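Everything on this sheet refers to the single structure shown next.
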Amino acid sequence: NAGVTQTPKFQVLKTGQSMTLQCAQDMNHEYMSWYRQDPGMGLRLIHYSVGAGITDQGEVPNGYNVSRSTTEDFPLRLLSAAPSQTSVYFCASSYLLGLEQYFGPGTRLTVT
Amino acid sequence: AQTVTQSQPEMSVQEAETVTLSCTYDTSESDYYLFWYKQPPSRQMILVIRQEAYKQQNATENRFSVNFQKAAKSFSLKISDSQLGDAAMYFCAHYGGSQGNLIFGKGTKLSVKP
């Protein structure tokens, strides 16, 4: 099993550009989520999904969209990148709500 | 609001010695999970240990163990026989409730001296 995979590992965007961060898992987990990690802070939830076709907002959703058309994939879209979105982004999945989450390797995004 | 507090931004330990990282949390739930994650310089988040709140017995995984005090809402991590590879950021996390997300502390940076 590959676990949770994310692409790309690094990305530089200009202000106003859009892009999609890819996330996939092969563990048949229903729950998937996106976090961002900023210096000196833990991880904060952006969006999450409890199953295919179901998504909801987390703590810091503004400027991001998600969709969940399959159990395996959970892409995160930045609509119009801003410097405040410079961060490390993690995708995670778990078998059940409340259990441990397995994380992808992260994407370091810089917006200039 | 549910919070997780790690009061030690940085810790240092001598190789082969024991170190304890502190964590306190706040929750209104009666049944929940607590976790410690390790983040080495590679930035990968690695699950170290998990504790179920309904279990009185403290969780143990090889050199890693926890001291779980439910009434005090305290969840410390003890690393025995510290190794150079233990150097990393350590995050305490608590299940946040209906959103299913983890609430993370701000982390403790552990250095291991040879």
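The values are calculated or read from the model by the stated rules, or taken from the named source; none is laboratory data. Every value quoted in this text rests on a predicted model; they were computed, and no experiment measured them. Here the Cβ positions follow ideal geometry from the backbone for every residue, glycine too, while neighbour counts run over all protein chains shown.
Observations, loosely collected:
- All positions within the range B:1-43 that are touching a strand residue (DSSP E or B) at 6+ places or on another chain (Cβ under 7 Å) and without any contact (Cβ under 8 Å) to a residue 40 or more places away in the chain: B:R43
- So A:G98, is it on the phi > 0 side of the Ramachandran plot, surrounded by 13 or more Cβ atoms within 10 Å (Cβ to Cβ) and not acidic (D, E): yes
- Lone unmet requirement of (1) more than 13 Å from chain B (Cβ to nearest Cβ); (2) in contact with a Lys or Arg (Cβ under 9 Å, 6 or more places away or on another chain); (3) surrounded by fewer than 20 Cβ atoms within 10 Å (Cβ to Cβ) for A:V66: (3)
- Some residue of the range A:88-104 being touching a residue at least 12 places away in the same chain (Cβ under 8 Å), within 9 Å of another protein chain (Cβ to nearest Cβ), among the hydroxyl-bearing types (S, T, Y) and outside any loop (DSSP other than H, G, I, E, B): yes
- Residues in the range A:32-53 include at least one that is free of Cβ contacts under 8 Å to residues at least 40 places away in the same chain, within 14 Å of chain B (Cβ to nearest Cβ), surrounded by fewer than 20 Cβ atoms within 10 Å (Cβ to Cβ) and within 14 Å of A:L97 (Cα to Cα).
- From A:L21, A:L13, residue being crowded, with 20+ Cβ neighbours inside 10 Å, more than 14 Å from every other protein chain (Cβ to nearest Cβ) and at pLDDT 95 or above: A:L21
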